[in-house]
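**Q** Once you've had a glance at the structure underneath, I'll fire off some questions.
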Amino acid sequence: MAGRPEGPLLAREEQQLVEGLLAGNEDAVRRLYARYARPVFTLGLRLLGSSEAAEELTQDVFLAAWRKAARFDPARGRLSTWLMTIAHNLAVDRLRRETGVTRPHLVLVDTVPEVPTADEDEVVLERDAAIRAIASLSDAEKRLLARAYFGGLTAREIAESDGIPLGTVKTRLRTALIKVRRANQDKERP
Amino acid sequence: MTCLDVRERLPELALGVLAPEDRDEAERHLRWCAGCRKESEDLSRATATLGFVLDPAPLPHGLDDRVVERVAAAAGRGAGVRRVRTAAASIVAAMVAVSGLGWGAVMAGRADRLEDRAALAEARWHEAIEDFRRVLTEPIPVGELSRETAQIGTLHATASGRGGGAVLQLVSPTITDFTITIVKGLDPEATERLPYRIQLLNEAGDVLKAGRIDELDADGGAEVFREFRQRDLTGFTTVRVVDADQTVVLVGEIGRL
């Protein structure tokens, strides 16, 4: 992996990094952390509401990634996507487990981020692509996805809250995700 | 759950908000249905995108060291388990190969009479066990897996079943207990009997779930690996394989090598 400190990794580079993680190699863990810790921590902060909980979540995510490393397949998706999926699942599980956790605010795009390090270039590109993908949604679709993804609300909870049929909510969620997916297809692996 | 049922639930699964009971059932379906799995992966990729739109927060000082320490500690502890698991997988492969020969001979009709078939099957299983016994002590480091921790048993068909099987069980105070169950010769056409469930029983009649078989290969075979992180398997020596109607089709006892 020498010589390409910034920008998205190639599939074989991601595979090597994950193999390093699987072996418990410190350098591999630090490289993964440098690239992906910030979006993982940020997601934890937004979903769980405190720096302490987000820090704990970040540690749990890298530990879970180590446990699942043998199952990572670069042909089925990017490393960043895989880690964010792990992070979101762990955070939502925790939200459900712990009573009294304040529901997070539903904000999709905030202010300008602080200056990233060279290792975080990939994450910046991911963010740009994500913002473009979200822009393809209507305001109603943005709110709907935010309530499920950042708010942890099920389709039934949304349907009951808004007084609309459950099937309609499910269809709208699917339509919105497909739009995001389509908008994202041009940022697939280099 | 049909493909239609699963696809209706995939957006919520991707968003991480599907109810646990539905999630388990959908994930079981995704293990064997390539079409639904593809759609699930597409939606999951879209969902992961959402996590990147947030304004990045500064990382706490020293978190990198804490992450490295936790992974290193876990990797150190887990190394033994991983070696055992790898070794166990190769042993199982050897067992399957040997038992496959035995069943192949049975299926080829080399022994026609019922008693001969039973005797031949028995002999082949003894060969498999001997082979297992021989290779067991080689790849697994002394101290991590001893003869006291590894147990094996054979499964025999009840009047309601056919085929047979073998179970490898590890009961250890230092590494995660696990079972590996291999079945062979069940009826691959009898899909209505799926899923088969593997159960471990102790003398008190307590039952532990040791895995589930959702599909069989063309020879009516399957392999199931199950870890027991929170349970000690000591005393759970009776093994049963039951079909979807809870009818026992295979049964056996496991004992120390």
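**Q** To make sure I understand, if each residue's beta carbon is the centre and we count other beta carbons within 10 Å, what order do A:Phe150, A:Phe72 fall in, fewest to most?
**A** With the fewest neighbours first, A:Phe150, A:Phe72 line up as A:Phe72, A:Phe150.
**Q** How large are Rg and Dmax for the stretch B:157-257 when calculated on the C-alpha trace, in angstrom?
**A** 13.3, 42
**Q** Tell me, what is the Rg over Rh of the stretch B:206-257, with Rh the Kirkwood radius over Cα pairs?
**A** 0.97
**Q** Please rank B:His29, B:His156, A:His88, B:His61, fewest neighbouring Cβ atoms within 10 Å first, as an exposure proxy.
**A** B:His61, B:His156, B:His29, A:His88
**Q** Could you tell me how far the Cα centroid of the stretch B:216-255 sits from the Cα centroid of the stretch B:19-77, in Å?
**A** Centre-to-centre distance over Cα atoms comes out at 30 Å.
**Q** Greater than 22 Å separation of Cα atoms is the criterion. Which listed pairs, A:Lys179/B:Lys38; A:Lys68/A:Lys142; A:Lys142/A:Lys170; A:Lys68/B:Lys184, meet it?
**A** Working: A:Lys179/B:Lys38 16 Å; A:Lys68/A:Lys142 31 Å; A:Lys142/A:Lys170 14 Å; A:Lys68/B:Lys184 29 Å.
A:Lys68/A:Lys142; A:Lys68/B:Lys184, as the Cα separations exceed 22 Å there.
**Q** Taking neighbour counts of Cβ atoms within 10 Å as a proxy for exposure, in what order, fewest first, do A:Trp82, B:Trp32 appear? Could the numbers behind the result be given before it?
**A** On the way: A:Trp82 24, B:Trp32 10.
The most exposed by this proxy come first: B:Trp32, A:Trp82.
Values quoted throughout were computed directly from the atomic coordinates according to the rules given, and no laboratory measurement underlies them. Quantities reported herein were computed from a predicted structural model and do not represent experimental measurements. Here Cβ is always computed from backbone atoms with ideal geometry, including for glycine, and neighbour counts include all displayed protein chains.
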